[in-house]
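Colleague: Below is the structure I would like to discuss, written out as structure tokens.
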Amino acid sequence: ASRKQVAVLFQDITERKRAELALQQMNETLEARIVEAVAERNVLADVVNGTNAFIHVIDANYRWMAINGSALREFERLFGVRPQVGDNMLDLLDDCPQSKAGLKQRWTRALAGEEFAESVSFSDSKDPASHFEMRYSTLRDAQGQSIGAYLFAYDVSERLREQERLAQAEDALRQSQKMEAVGQLTGGIAHDFNNLLTGITGSLELLKTRMSQGRFTEIDRYIGAAQDASKRAASLTHRLLAFSRRQTLDPKSVDINRLVIGMEELIRRTVGPHITLEVVTSVGLWSTFIDAPQLENALLNLCINARDAMPRGGRITIETANRWIDERGSQSRDLTPGQYLSLCVSDTGTGMSPEVINRAFDPFFTTKPVGRGTGLGLSMVYGFIKQ
């Protein structure tokens, strides 16, 4: 009865320890995910605020839900007020009724579920017009319901100005290249013009002699000869002036056969008597939508290059034909499959080496001696046709 006894009780807490460990791991994972999400959000916020795009987000009442730094500064520059999250966009535009009406109309479309893009210009009396490409989209909740709208806008003013400057530079290059071609025409035309003047003065001299002798027979023949020579001289002058005149690109439906035949005499004079010119036109040729004066310029330049490749004489052939370019042929020519017209200039010269072919259309590349060519002819032909 005096003996002491000890009772030891054990409780299995394995599951509790497992649960505590799982909870600890879950907390650590959650904390890591929160840190990661915050970092990701900060990175995203930095990207959004650092981008050149203008980003606006508004609710159904035209109040800003979000706006990035670029959009905030541009809005203040354009409209003289600095927006904040929570401000009503339309209220801030009360002093700009025209812009207010246009922006309200676009935002209303986006709030109604329409997604669209358009180009818009804003201007004031002080600064040049600003041009924007704008894309509106609808903001939806998890259930797909519209809760607002957002806008991504890009200032494309400088890009448009660069395009305009490039177009002006290309126009100047086309004109300078055309005047170079006119220079090639000068020698042959001066010779032909002198022949025409000789015909006119010769007919008038014979007419004067006959009249002084009282011989009035065949007077009409001499008058007619002088008139014909005058008309040919006037036609020659007209074509030269038309060719050299500065013109902007104006594509129209053109009969290429008629254009080539109309250029034949001018080309023949330009290439000279040591070159045989042959023109082969296709029957039933399709009309082509192209700028006729620029095509004349391109054709003349191809013929001048062919002439220069045959200093001892040869043959130039101009051919027209209808062509169907299939899928395989279109890939090798960088074209879309379809119906095309072929205007081909070939010559009997020695041809070009592979190295020259690879650079033939490069601006300012020429194989001619210094002072004989600028290297713009073929590059401008290539640029015009690609355009």
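The values are calculated or read from the model by the stated rules, or taken from the named source; none is laboratory data. Fair warning: this is a prediction, and the values are worked out from it, not measured in the lab. Glycine gets a Cβ as well: all are built from the backbone with ideal geometry, and neighbour counts include every protein chain shown.
Yes/no per residue for (1) among the charged types (D, E, K, R); (2) farther than 28 Å from residue 263 by Cα; (3) in contact with a Ser or Thr (Cβ under 6 Å, 6 or more places away or on another chain); (4) surrounded by 14 or more Cβ atoms within 10 Å (Cβ to Cβ):
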{"residue": "312", "(1), (2), (3), (4)": "yes, no, no, no"}
{"residue": "316", "(1), (2), (3), (4)": "no, no, no, yes"}
{"residue": "319", "(1), (2), (3), (4)": "yes, no, no, yes"}
{"residue": "324", "(1), (2), (3), (4)": "no, no, no, no"}
{"residue": "327", "(1), (2), (3), (4)": "yes, yes, no, no"}
{"residue": "334", "(1), (2), (3), (4)": "yes, yes, no, no"}
{"residue": "351", "(1), (2), (3), (4)": "no, no, no, no"}
{"residue": "354", "(1), (2), (3), (4)": "no, yes, no, no"}
{"residue": "358", "(1), (2), (3), (4)": "no, yes, no, no"}
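Colleague: Also: Just checking, which of 333, 315 is within 24 Å of residue 379 (Cα to Cα), of a type outside the set (S, T, N, Q) and touching an Asp or Glu at 6+ places or on another chain (Cβ under 8 Å)?
Modeller: Details: 333 fails: touching an Asp or Glu at 6+ places or on another chain (Cβ under 8 Å).
Among 333, 315, only 315 is within 24 Å of residue 379 (Cα to Cα), of a type outside the set (S, T, N, Q) and touching an Asp or Glu at 6+ places or on another chain (Cβ under 8 Å).
Colleague: Go through region 336-349 and give me each residue that's of a type in the set (A, V, I, L, M, F, W, C) and either on the phi > 0 side of the Ramachandran plot or surrounded by 13 or more Cβ atoms within 10 Å (Cβ to Cβ) (or both). Before you say what the answer is, go through the steps one by one.
Modeller: Taking region 336-349 and keeping what is of a type in the set (A, V, I, L, M, F, W, C), we get 341, 343-345.
341, 343, 345, listed by residue number.
Colleague: Something else now. If you scan region 126-157, which residues turn out to be of a type in the set (Val, Ile, Thr), touching a residue at least 40 places away in the same chain (Cβ under 8 Å) and more than 22 Å from residue 62 (Cβ to Cβ)? Reasoning before the result, please.
Modeller: Start the filter on region 126-157 by keeping residues that are of a type in the set (Val, Ile, Thr), which leaves 138, 147, 156.
Going one step further and asking which of them are touching a residue at least 40 places away in the same chain (Cβ under 8 Å), we end up with 147.
Correct list: empty.
Table: residues versus (1) over 21 Å from residue 73 (Cβ atoms); (2) surrounded by 15 or more Cβ atoms within 10 Å (Cβ to Cβ); (3) touching a residue at least 40 places away in the same chain (Cβ under 8 Å).
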{"position": "98", "(1), (2), (3)": "yes, no, no"}
{"position": "101", "(1), (2), (3)": "yes, no, no"}
{"position": "107", "(1), (2), (3)": "no, yes, yes"}
{"position": "120", "(1), (2), (3)": "no, no, no"}
{"position": "159", "(1), (2), (3)": "no, no, no"}
{"position": "166", "(1), (2), (3)": "yes, no, no"}
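Colleague: Among the numbered criteria (1) under 21 Å from residue 385 (Cβ atoms); (2) in a helix (DSSP H, G or I); (3) in contact with a strand residue (DSSP E or B) (Cβ under 8 Å, 6 or more places away or on another chain), which single criterion is violated by residue 268?
Modeller: Unmet condition: (1).
Colleague: What is the one condition in (1) touching a Phe, Trp or Tyr at 6+ places or on another chain (Cβ under 8 Å); (2) modelled with pLDDT under 75; (3) among the acidic types (Asp, Glu) that residue 180 does not satisfy?
Modeller: Going through (1) touching a Phe, Trp or Tyr at 6+ places or on another chain (Cβ under 8 Å); (2) modelled with pLDDT under 75; (3) among the acidic types (Asp, Glu) one by one, residue 180 breaks only (1).
Colleague: Would you mind stating whether residue 174 is surrounded by 14 or more Cβ atoms within 10 Å (Cβ to Cβ), in a helix (DSSP H, G or I) and at pLDDT 75 or above?
Modeller: Working: surrounded by 14 or more Cβ atoms within 10 Å (Cβ to Cβ): yes; in a helix (DSSP H, G or I): yes; at pLDDT 75 or above: no.
Considered against the rule, which asks whether it is surrounded by 14 or more Cβ atoms within 10 Å (Cβ to Cβ), in a helix (DSSP H, G or I) and at pLDDT 75 or above, residue 174 comes out as no.
Colleague: Evaluate region 105-117: report whether one residue or more is closer than 30 Å to residue 383 by Cβ, assigned to a loop (DSSP other than H, G, I, E, B), under 25 Å from the mean Cα position of the chain (by Cα) and not basic (Lys, Arg).
Modeller: Let us first name the residues in region 105-117 that are closer than 30 Å to residue 383 by Cβ, namely 117.
Next, only the ones that are assigned to a loop (DSSP other than H, G, I, E, B) stay: none.
There is no residue in region 105-117 that is closer than 30 Å to residue 383 by Cβ, assigned to a loop (DSSP other than H, G, I, E, B), under 25 Å from the mean Cα position of the chain (by Cα) and not basic (Lys, Arg).
Colleague: Considering only region 77-96, how many residues are surrounded by 14 or more Cβ atoms within 10 Å (Cβ to Cβ), assigned to a loop (DSSP other than H, G, I, E, B) and touching a strand residue (DSSP E or B) at 6+ places or on another chain (Cβ under 7 Å)?
Modeller: Here is the first cut: in region 77-96, the ones surrounded by 14 or more Cβ atoms within 10 Å (Cβ to Cβ) are 78-79, 81, 83, 87-90, 92-93, 96.
Filter again for assigned to a loop (DSSP other than H, G, I, E, B), leaving 81, 83, 87, 93, 96.
Remaining after also requiring touching a strand residue (DSSP E or B) at 6+ places or on another chain (Cβ under 7 Å): 83, 87.
Number of matching residues: 2.
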